[in-house]
1. How many residues are closer than 29 Å to Ala73 by Cβ and surrounded by 10 or more Cβ atoms within 10 Å (Cβ to Cβ) when one looks only at segment 104-122?
2. Just wondering, is there one or more residues in segment 254-271 that are touching a Leu at 6+ places or on another chain (Cβ under 8 Å) and not in a helix (DSSP H, G or I)?
3. Would you please list the contacts, defined by Cβ atoms under 7 Å and residues six or more apart or on different chains, that run from a residue in segment 11-32 that is farther than 13 Å from Phe57 by Cα to a residue that is among the hydroxyl-bearing types (Ser, Thr, Tyr)?
4. Checking Ala254 against (1) of a type in the set (A, V, I, L, M); (2) closer than 20 Å to Gly137 by Cα; (3) buried (at least 20 other Cβ atoms within 10 Å of the Cβ): exactly one of these is not met. Which one?
5. Is it true that some residue in segment 23-42 is in contact with a Lys or Arg (Cβ under 6 Å, 6 or more places away or on another chain), under 28 Å from Val210 (Cβ atoms) and part of a helix (DSSP H, G or I)?
6. Might you let me know whether segment 225-237 holds any residue that is over 30 Å from Ala73 (Cβ atoms), in contact (Cβ under 8 Å) with a residue 12 or more places away in the chain and assigned to a helix (DSSP H, G or I)?
7. Let me confirm something: among Leu78, Leu126, which residue is of a type outside the set (Gly, Ala, Ser), touching a helix residue (DSSP H, G or I) at 6+ places or on another chain (Cβ under 7 Å) and assigned by TED's automatic domain parsing to the domain that holds Phe259?
8. Within the group Leu267, Leu312, Leu253, Leu238, which residue is within 17 Å of the chain's Cα centre (by Cα), assigned by TED's automatic domain parsing to the domain that holds Ser176 and hydrophobic (A, V, I, L, M, F, W, C)?
Amino acid sequence: MSSSLSHSFYELSPDAVLDALDAVGLRGDGRLLALNSYENRVYQVGMEDGAPVVAKFYRPQRWSDAAILEEHAFVAELHAAEIPVVPALVLDGATLHSHQSYRFAVFPRQGGRAPELDAPGTLEWLGRFMGRIHALGALHPFVARPLLDRHTFGEQSRDWLLEHEIVPQDLRASWSAISRLALDGVRRCYDRAGDVRMIRLHGDCHVGNVLWTDAGPHFVDFDDSRMGPALQDLWMLLSGERAEMRSQLADLLAGYEDFREFDQRELYLLEALRTLRLLHYSAWIAMRWDDPAFRQAFPWFSAVRYWQDRILELHEQVALMDEEPLWPI
């Protein structure tokens, strides 16, 4: 990110937010609430007339305009199929707007609470909607958005961290060795799974991106939407010991398979996808370390202890990836 763009983004002011909205015909009343987003800058903005809206200002140089518009089109496609998602508002005939150096989109405000995953029926309900999302996501591919795979999340993340000497020097050799072993384990998992199908996904479907209301779940924040295996949108909803995860998966798939058949070979990828996310997460923080919001949110990132814990974590993942899959195949 260029220094001028980064400074402008990091210093995005309330006046700039209100001016941007005013440029697309939305008159804010001055009430701004910063929402929990590190990648982008996201605000709930009170309106002079009508309900509050959510304004999302995109991090410069992360996605192309075409990639952002693909995300908007995918969510609009889901919304048209009556799947509970939150599409960008069409203002002046467009969903993506620019003001000064900022690109932004505006969304209706969607309230809700975190889902209670251990409540009876919750996982099956989530599974039904995820099956519908994937049935539609499988109809055609993204063009401007990348794959989620061993190369994009694993190799690229590892190479960047090593090339930029992010890992403390005393731990660099150990981290380099175990991360290479971990990626070898990922490769073996993909080899066992075979030729699994890549489809359009939510991409980051953890409980923080699901809002629950009396009417059920709403899926929000498709910013990380990519092409990948269907399991990517399911595994982050699993937690606990192996027996607990098996039971949770059964509930998810009971709903999922009402709308789309799940390829059980993908279960060979569960720990591989977790490993890729762990590597990508460290690189994601490192690549944005010049953003003051990241230094404030992740003060422990530059500590030796953080990297010691990551080395132990990757050792555990190497062992887990060689275990039998969670579900009988």
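1. Number of matching residues: 10.
2. yes
3. Correct list of pairs: Leu32/Tyr43.
4. Every condition holds for Ala254 apart from (3).
5. The answer is no, given that none of the residues of segment 23-42 is in contact with a Lys or Arg (Cβ under 6 Å, 6 or more places away or on another chain), under 28 Å from Val210 (Cβ atoms) and part of a helix (DSSP H, G or I).
6. no
7. Checking each option against the conditions leaves just Leu126.
8. On inspection, the qualifying residue turns out to be Leu238.
The values are calculated or read from the model by the stated rules, or taken from the named source; none is laboratory data. Everything numeric here is computed off the predicted structure, so don't read it as measured data. All Cβ positions, glycine included, derive from the backbone under ideal geometry; neighbour counts span all protein chains shown.
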